[in-house]
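The values are calculated or read from the model by the stated rules, or taken from the named source; none is laboratory data. Only a predicted model underlies this, so the values are computations on that prediction, with no experimental measurement involved. Counting neighbours? That spans all protein chains shown, and the Cβs are built from the backbone with ideal geometry, glycine included. Surface accessibility is based on the protein's heavy atoms, side chains included, excluding ligands, DNA and RNA. Shrake-Rupley method; radii C 1.70, N 1.55, O 1.52, S 1.80 Å.
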Amino acid sequence: GGDSGLFATAPSAVINSNNNTASLVFVTAPDANGRAIFETVLTDIPTDGTLSESTSPRTFTRLINAVNDPPTFDRAPNPVIVDEDSGLYFAVWATNISPGPEDESDQTVQFDVSIPSGAEDLFSQLPEVADDGSLRFIPARDANGTVDLMVTATDSDGASGNPDLLRIQINPVNDPPV
């Protein structure tokens, strides 16, 4: 009984004749959770010509608990290239944003952008990735250089994905003489 779709490998009993024990072995399906009920019967099939013997049926219930999977997304290619003094940069950087499998679809996803110490001077508005995946920042006046930022997606139940690299390259511009 229960949900047979819970398993990638069907449960089976493994007998250890050295210590006369049995183990129920199975592999759960990805993102599966729920209750499964098993009935097992152990049968001894002798090799000496005597009759086989079986145990009475025994019922096991296994509860496969849900876990909070980390959110996922696809990022734009690196680097993001802008010229110094170019003003507000605004573009979609993260797409296909997902809080996890179907049973986590009610969760939301937020992005955290980690900026290395000292790199803040490249920006008059620090880079941020909004919940919809849009990246925005403003380069600081007359600032140029390349910086590697790390972006981490976290769902509303606290699971975080692996940090993703966001490289921003701010190109120098030859300013007119004053």
Exercise. Would you pick out the residues in the stretch 13-44 that are outside any loop (DSSP other than H, G, I, E, B) and among the charged types (D, E, K, R)?
Worked result: 35, 39, 44
For this session: List the number of the failed condition for residue 30; all other conditions in (1) open to solvent by 90 Å² or more (accessible area, probe 1.4 Å); (2) free of Cβ contacts under 8 Å to residues at least 12 places away in the same chain hold.
Result: (2)
Exercise. Could you list, in sequence order, the residues of the stretch 60-94 that are closer than 30 Å to residue 123 by Cα, of a type in the set (Val, Ile, Thr) and more than 15 Å from the chain's Cα centre (by Cα)?
Worked result: 80, 81, 82, 92
Seminar exercise, completed: Only unsatisfied item for residue 157, checking (1) touching a residue at least 60 places away in the same chain (Cβ under 8 Å); (2) open to solvent by 70 Å² or more (accessible area, probe 1.4 Å); (3) more than 28 Å from the chain's Cα centre (by Cα), is (3)
Seminar exercise, completed: Reported set for the stretch 55-76 where residues are under 30 Å from residue 43 (Cβ atoms), touching a residue at least 24 places away in the same chain (Cβ under 8 Å) and of a type in the set (D, E, K, R) is 62
Seminar exercise, completed: Filtering the stretch 106-134 down to residues that are more than 24 Å from residue 69 (Cα to Cα) and of a type in the set (A, V, I, L, M, F, W, C) yields 115, 119, 122, 123, 126
Exercise. Failed condition for residue 82, given (1) closer than 30 Å to residue 138 by Cβ; (2) without any contact (Cβ under 8 Å) to a residue 60 or more places away in the chain; (3) touching a Phe, Trp or Tyr at 6+ places or on another chain (Cβ under 6 Å), with all others met?
Worked result: (2)
Exercise. Consider residue 47 against the criteria (1) loosely packed, with under 10 Cβ neighbours inside 10 Å; (2) assigned to a strand (DSSP E or B): it satisfies all of them except one. Which criterion is unmet?
Worked result: (2)
Seminar exercise, completed: By residue number, the members of the stretch 160-174 that are within 19 Å of residue 116 (Cα to Cα) and open to solvent by 70 Å² or more (accessible area, probe 1.4 Å) are 162, 163, 167
For this session: Would you check if there is a residue in the stretch 123-135 being loosely packed, with under 10 Cβ neighbours inside 10 Å, farther than 26 Å from residue 10 by Cβ and not hydrophobic (A, V, I, L, M, F, W, C)?
Result: no
For this session: Check whether at least one residue in the stretch 4-11 is open to solvent by less than 70 Å² (accessible area, probe 1.4 Å), on the phi > 0 side of the Ramachandran plot and not aliphatic (A, V, I, L, M), and report yes or no.
Result: no
Exercise. Within the stretch 50-67, which residues are hydrophobic (A, V, I, L, M, F, W, C), assigned to a strand (DSSP E or B), open to solvent by less than 80 Å² (accessible area, probe 1.4 Å) and under 28 Å from residue 105 (Cβ atoms)?
Worked result: 64
For this session: Could you tell me whether the stretch 68-80 includes any residue that is on the phi > 0 side of the Ramachandran plot, at pLDDT 90 or above, surrounded by 11 or more Cβ atoms within 10 Å (Cβ to Cβ) and of a type in the set (D, E, K, R)?
Result: no
